[in-house]
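Only one structure is covered here, and it is reproduced in the block below.
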Amino acid sequence: MSNKSSFRLLKYLSRYKFSIVIAIVATLVAVICSAFMPKYYGRATTIIINDFVSTGRIELSSLYPIIKVLITLYTVSMVFTYVMQYLAVKLTKDVVYSLRKDLRKKFEKLPISYYDQNETGQIMSKITNDITVIGNNLGQIITQFLQSLFAIISIVVVMFTVSVDLSFVILASIPITIFVSLKRAKKSQPLYRKKQNALGGVNSYVEEYFTGYEVINTFDRKEETLKDFKKLNDKLCNEAIKAEKISASIFPTSLFINNITYVLITIIGFAQVLNGRLEVGYVQSMIQYVKQLGQPIGNLANISSLLQSTIAASDRVFEVLDNPEEDNSETLELQEVKGKLDIENLFFGYDKTKNILKNISFNIKPGETVAIVGPTGSGKTTFINLLMRFYDATSGKIKLDGTDITKYKKETVRRKMGMVLQETWLFNGTIMDNLKYGNDSATEEDVYKAATRAGADTFIRQTAQGYNTILNEKMDNISAGQKQLLTIARALVGNPDIYILDEATSNIDSKTEKTIQKAMDKIMSEKTTIVIAHRLSTIENADKIVVIKDGELLEQGNHKELLSQKGFYYDLYTAQYNG
């Protein structure tokens, strides 16, 4: 996966070929200028020493040509270094932007099962922390790699024009440094991956903590929660230390090899000066070249460390991008819907080895209100997931107006169904925007009518800014019952052909529930409605009640028929009534 991630990051970079070419040219010019500087410094040193030995003083006029060359080299190097660094930053931002955009598109195409199987914190960590790691490191990798590569080549070429013998001494140290650096960098890569996974675990826990803050306080579990967080945080800290410990050892090792090279160059260089084989100033030049070579080699060592961290983060990002997308191969558009549903021998399990729904069969006529009841975990919500095509049945069929719904495009099926979820979800924005969420083409008049039918219009108009009131991030400026009213109104604005009410009134007080029930009774008489409710008193008027237990259909009929049978529904109803 690591090599794949590297190549895929390069593919993202290759989208910006022009910027890369300019950055390469700018880097090449800058490092060539830098490579010639020590040679001219050495030449200047020789002139100064020779003048002083022969005349007892230094002739500055003899240094003017060299000074002019050095000023030119410095200026050109500075300008082109700036160009290179600017382009590196731009390239990084472009790549990060492209990655985030691709991730965002991917998240829209992933099936619901992906979100069910992965923690929210881990998902958030991939789109924030992992992308940030890539962004922070990629710019350094680009600049350091280009500078280091061209610097090594340029310095080596210029060195050989100064002293062949000393150049070979310096070159002998390079493979040793590179070997040691790569060896340790390879060892650090799996540790960086563990670190990123641990960071995702911490994010998941923090997200869970803030989501359930009230519950934690209610049960006085702060101390236990802090202990759990400390364990996760300690794990993250330990993984980070292990990874950084190996990475931190790379640069000192390179520096140690570099220092030994300094000593060898000094000894051999001055021996050649005494033998008349080398100018004294060029010894200084070669010492500077050791230093100049040490920096890019050290940078390459640092790059290998940054690269392992970047690859670890990239692996996690590309894992998301490689996930199979929701199958949208269907071609049929769902047009006019009458609302007839036929459920035939339905089997389904989230785990293919264990079915949650087992051989479910029943019919719903157009305009009927059908309630699905049963104990918690019996498969009621799972059936709704199949109806909405969040999942498809393992075997059996759900037919809508005589056609298997798996033949229709998923988005067209979902547009025809208005769903009120068990958990209310509203976003940070105005009430008007929230109500139009499922139908952008709805007019304000459509929204007012839907809110009135849902019993929400009165309380909305009593808020500070009416329909323009902004719901804050925590949604604590409206009550739980009001949230439920808004979600019902939102479903009505969508004007669906089939209504699905999953625990639609579970968070509403008795008075509000009666208001909604009265409005909903009229709506239910017009369109096919499927209701899931634990409170059986809310579905006594349903045309049909389907009773499910342990994924199996036990009974079906209207309220009176099921009570007269004195079966499982009778037991549920009497237990609630007596309770």
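When the chain is fully extended, how far beyond the present Cα-Cα distance does D327 get from I267, taking 0.36 nm per residue of separation?
On the way: separation 60, 0.36 × 60 = 21.60 nm, distance 7.14 nm.
Gain on stretching D327 to I267: 14.5 nm.
Filter K194/K231; K126/K352; K416/K549; K105/K399 down to the pairs with a C-alpha to C-alpha distance above 20 Å, please. Mind dumping the intermediate values first?
Working: K194/K231 15 Å; K126/K352 28 Å; K416/K549 28 Å; K105/K399 31 Å.
Exceeds cut-off: K126/K352; K416/K549; K105/K399.
Please give me the summed charge of the neighbours of F348: other residues whose Cβ is under 14 Å from its Cβ, Lys and Arg +1, Asp and Glu -1.
Value of the local net charge: 0.
Using the number of other C-beta atoms within 10 angstrom as an exposure proxy, rank V546, V95, V157 with the fewest first. Intermediate results must be reported in sequence, preceding the final value.
Numbers: V546 25, V95 21, V157 12.
So the residues, fewest neighbours to most, are V157, V95, V546.
Order 119-130, 490-501, 137-148, 566-577 from most to least packed using the mean count of other Cβ atoms within 10 Å.
Top of the packing list down: 490-501, 137-148, 119-130, 566-577.
Let me know the charge dipole size of the range 318-439 about its Cα centre in debye, to the nearest 20, where only the beta-carbon of Lys, Arg (+1) and Asp, Glu (-1) is charged.
540
Using helices alone, I'd like the mean residue ellipticity at 222 nm for the chain: each DSSP H run of four-plus residues gives -39500 (n - 2.57), total over residue count, nearest 500.
On the way: 20 runs with 373 residues, N = 579.
Roughly -22000 deg cm²/dmol at 222 nm, from the helical runs in the chain.
Give me R414, R461 ranked fewest to most by other Cβ atoms within 10 Å of their Cβ, as a rough exposure proxy.
In order of increasing Cβ crowding within 10 Å: R461, R414.
Separation of the range 263-297 and the range 432-502 by C-alpha centroid, Å?
Each part's Cα centre sits 80 Å from the other's.
Under a Cβ-only charge scheme (Lys and Arg +1, Asp and Glu -1), can you give me the dipole magnitude of the chain about the Cα centre, in debye to the nearest 20?
Value, rounded to 20: 1820 debye.
Could you state the angle between the C-alpha long axis of helix 17-55 and the longest principal axis of the C-alpha atoms of the chain, as a value from 0 to 90 degrees rounded to the nearest 10?
20
Which residue, Y408, I311, S163, has the largest displacement toward the positive end of the dipole of the chain when charges sit on each Cβ (Lys, Arg +1; Asp, Glu -1)?
S163
Under the rule of at least 5 residues apart or a separate chain, name every residue whose amide H is placed under 5 Å from the amide H of D497.
M417, G418
Rounding to the nearest 10 and keeping the result within 0 to 90°, find how far the Cα-based axis of helix 444-453 lies from the longest principal axis of the chain.
50
Name the residues whose placed amide hydrogens come within less than 5 Å of the amide hydrogen of T430, ignoring near sequence neighbours (fewer than 5 apart) on the same chain.
Answer set, sorted by chain and number: L471.
Quick check: Cα centre of the range 406-422 to Cα centre of the range 138-161, how many Å?
Using only Cα atoms to place each centre, the spacing works out to 58 Å.
Would you mind pulling out the separation of the Cα centroids of the range 324-346 and the range 539-556, in Å?
23
Looking at the chain, what % of its DSSP beta bridges pair antiparallel, to the nearest 5? Could you put the intermediate results ahead of the total?
Values: 20 of 38 bridges.
Percentage antiparallel, nearest 5: 55.
Add +1 for every Lys or Arg and -1 for every Asp or Glu among the other residues with Cβ under 13 Å from the Cβ of A456, and state the total.
+4
Taking the dipole about the Cα centre of the chain, with the C-beta of Lys and Arg at +1 and of Asp and Glu at -1, give me whichever of I112, M432, A489 is farthest to the positive side.
Going by the Cα projections, it comes out as I112.
With a point put 7 Å past each Cα toward its Cβ, work out how far E552 is from E344 in nm, to one decimal.
Placing both labels 7 Å along Cα→Cβ, they lie 2.4 nm apart.
Which lysines, on any chain, are close to K514 with Cα under 18 Å apart, when same-chain ones fewer than 8 places away are left out?
Filter leaves K483, K522.
For helix 280-321, report the angle its Cα long axis makes with the longest principal axis of the Cα atoms of the chain; keep it between 0 and 90° and round to the nearest 10°.
Approximately 10 degrees, to the nearest 10.
Mind checking which of V89, S34, A240 is farthest towards the positive end of the chain's charge dipole, using Cβ charges of +1 (Lys, Arg) and -1 (Asp, Glu) about the Cα centre?
S34
Hey, with R₀ at 30 Å, roughly what FRET efficiency would V156 and K17 work out to, going by the Cβ-Cβ distance, to 0.05?
0.60
Just so you know, all these numbers are worked out from the coordinates, no wet-lab data involved. Predicted model, so just to flag it, every value in this text is computed and none were measured. Ideal geometry is used to build each Cβ from the backbone, glycine not excepted, and the neighbour counts take in all protein chains shown.
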